[in-house]
1. What strands (runs of 3 or more DSSP E) completely inside the stretch 63-144 contain at least 3 residues that are of a type in the set (A, V, I, L, M, F, W, C), under 26 Å from the mean Cα position of the chain (by Cα) and at negative phi?
2. If I ask for residues that are basic (Lys, Arg) and within 17 Å of Gly71 (Cβ to Cβ), which ones from the stretch 82-127 would you list?
3. Considering only the stretch 70-94, state which residues are of a type outside the set (Val, Ile, Thr), modelled with pLDDT of 90 or more and farther than 13 Å from Phe107 by Cα.
Amino acid sequence: METGLTILRRLPGRQIFGIVAVGLVAVAGLLLIFSLVGLFSVRVIEEQRAGNSRVTRIVPEMRGYRVYWSGSSELSDITRYDVQIRELPDGGWRDWKRATTATSAWFGPTEGKDFAFRVRAYDSAGNAEPWPADASRTTEDVSRR
């Protein structure tokens with residue numbers, strides 16, 4: 001019998017391993033042969049995206065807007081964000097805040113234009129959440145008072 005580790009069974013999110021150890025031990029002049037057999041289970045954590053982030057609210061402030069965002073991750077801490085804007089109705093996305101640890105910033109003056117915002121998060125391992133296809137929030141969502 002050889003010493004080794006074998007995957008015995010794969011289940012969703014889990015793998016069951018078998019281990020076999022064989023050895024020789026000398027005790028009081030006697031040579032003993034032993035074998036050890038055991039089973040253990042390992043939970044497999046599949047790689048997940050870096051987090052789940054979004055622009056949470058937009059508030060009118062000083063001829064512009066205060067934009068708030070947040071994020072969370074099941075596996076590790078969120079360490080930074082990228083935030084993009086685009087002018088509505090059909091402007092292209094462009095970087096506004098890169099690698100920021102802030103969770104809000106002032107944007108403006110807007111001069112009567114409307115803008116869309118989207119955010120992505122990075123976790124402590126450096127993994128980036130994919131950009132969402134659409135905006136989390138727009139300045140059109142905000143009613144000026």
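The values are calculated or read from the model by the stated rules, or taken from the named source; none is laboratory data. Remember, it's a predicted structure, so these values are computed and weren't measured experimentally. Note that we place each Cβ from the backbone using ideal geometry, even for glycine, and neighbour counts take in every protein chain shown.
1. 78-87, 115-123
2. Selection gives Lys97, Arg98, Arg118, Arg120.
3. Ser70, Gly71, Arg80, Tyr81, Asp82, Leu88, Pro89, Asp90, Gly91, Gly92, Trp93, Arg94, listed by residue number.
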